[in-house]
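Nothing in this text is a laboratory measurement; each read-out follows from the coordinates by a stated rule. Since the model is a prediction, treat every value here as computed from it, not as a measurement. Reconstructed Cβ throughout: ideal geometry from the backbone, glycine too, with neighbour counts over all protein chains shown.
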Amino acid sequence: MKFGIREICDVVLRAKDDVKIGNQTFKADEPVIYFDSAKTSSVEGAATTVYATGGRGNSRLIAWEGEKTVTFTMEDALLSPLGFSILSGAGLIDASVSKPIYVHTTLKTRATVTSGDQISINLKTAMGDNLKTDQGQDIAEKPAYAFIMEKGEIKTRLQPATPASGTVVFSVPEQYNDNDEITVLVDFYVKASSGAYEMDITPDKFGGYYYLEASTLFRRQDTGKDMAATFIIPKVKIQSNFTFSMASSGDPSTFTFTMDAFPDYTKFDKTKEVLFVLQIIE
């Protein structure tokens, strides 16, 4: 039987031990994440060879092989908060009322100078539909900053002020008269109590160990029929490397997962430790 390989892999990572990621706890052997949007995937095996050499011409006499490695690499078109947490070892925070997430926001708006050399800006109204109050978002009562704009450029920096009930009041220089209309750039924070995620990367947290199963299709040469095939690596360590590539044109960014194999038992064979298993089902 001969076969060809051209199809991508769908990958599942299972917990090796009980693990908590964000507000989810996964038991040993439980599926943690499924990858079904990969663009490329590969399994690479390598070994180190050293030689005893000698005689005329110093030719090779004996070979020793060792340091065998297996590496599974996958390039995914999409990335989820859970996937990034697994890749980088980042902590995953799901916004809640007790632990909200503060999102930096800026907007330009028009404001009218009132008596007392002040401007009052209702940030909720200024944001409009961009503020999802029905999804737990509100204006944070944290210091806000404002800048008076003229001809598209910042002209005057105002003293910080703290919003109350979504409205913030800034003092303006005396050179502005009552009822003057001015353009203001406001820098403030939105508090999200749901529907938001935060992933924090610390210097002491890295990608963990998982049980990998990658399913794909092999095609027989003689019949042209596809056969199910599964790559199994009983213990992989995810390298904590990542790159976010952002550009105004070209192809969308992809996300690479590189996983190093370690010897371990498969789920259904405890007689020997293996680096890698390939199953082909006719």
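Distance from the alpha carbon centroid of the stretch 44-70 to that of the stretch 78-102 works out to 46 angstrom. Sorting 52-61, 103-112 by average packing, meaning the other beta carbons within 10 Å per residue, from highest down gives 103-112, 52-61. For the listed residue pairs Lys99/Lys191; Lys205/Lys235; Lys27/Lys99, the alpha carbons are over 21 angstrom apart in Lys27/Lys99. The magnitude of the dipole of the chain, with charges of +1 and -1 set on the Cβ of Lys/Arg and Asp/Glu and taken from the Cα centre, is near 940 debye.
Taken along the Cα-to-beta-carbon direction at a fixed 7 Å, the label points for Ser245 and Asp17 span 3.6 nm.
Cα extents for the stretch 101-195 along the principal axes, largest to smallest and rounded to whole angstrom: 43, 25, 20. The charge dipole of the stretch 1-153, taken about its Cα centre with unit charges on the Cβ atoms of Lys, Arg (+1), Asp and Glu (-1) only, comes to about 440 debye. Backbone geometry of the stretch 27-33 corresponds, through the Karplus equation with coefficients 6.51, -1.76 and 1.60 at θ = phi - 60°, to 3J(HN,Hα) couplings of 7, 4, 6, 7, x, 9, 7 Hz, x marking Gly and Pro.
So, R0 is 30 Å and r is the distance between the beta-carbons of Asp178 and Gln135; what FRET efficiency does that work out to, to 0.05? Computed FRET efficiency for Asp178 and Gln135 comes out at 0.20. Whose amide H sits under 5 Å from the amide H of Ala38, counting only residues 5 or more places off or on another chain, with H placed in the peptide plane? Residues meeting the amide H criterion: Ala77. The amide H of Asp180, built 1.01 Å from its N in the peptide plane, has Val113 as neighbours under 5 Å, considering only residues 5 or more places off or on other chains. Using θ = phi - 60° in the Karplus curve 6.51 cos²θ - 1.76 cosθ + 1.60, the 3J(HN,Hα) couplings for the stretch 244-256 round to 9, 9, 10, 8, 7, 8, x, 6, x, 5, 10, 10, 9 Hz; x is entered for Gly and Pro. Around the Cα centre of the stretch 101-195, unit charges on the Cβ atoms of Lys, Arg, Asp and Glu (plus for the first two, minus for the last two) sum to a dipole of about 300 debye.
Relative contact order, whole percent, for the chain stands at 23, derived from Cα pairs under 8 Å and 6 or more residues apart. Amide H of Met227: which non-local residues (sequence gap of 5 or more, or other chain) have their own amide H closer than 5 Å, using H built in the peptide plane? Amide H to amide H, under 5 Å and 5 or more residues apart or across chains, Met227 pairs with Phe218, Arg219, Arg220. The computed percent of Cα pairs over 34 Å apart for the structure shown corresponds, within [x] 32; [y] 25; [z] 48, to [z]. The mean sequence separation of alpha-carbon pairs under 8 Å and at least six residues apart, normalised by the residue count of the stretch 101-195, gives a relative contact order of 47 percent.
Beyond 26 Å in Cα-Cα separation lie the following of the pairs Lys108/Lys142; Lys225/Lys270; Lys2/Lys270; Lys20/Lys272: Lys225/Lys270; Lys2/Lys270; Lys20/Lys272.
Working note: 222 nm ellipticity from helices only, DSSP H runs with n ≥ 4, each -39,500 (n - 2.57), summed and divided by the residues of the chain, gives -1000 deg cm²/dmol to the nearest 500.
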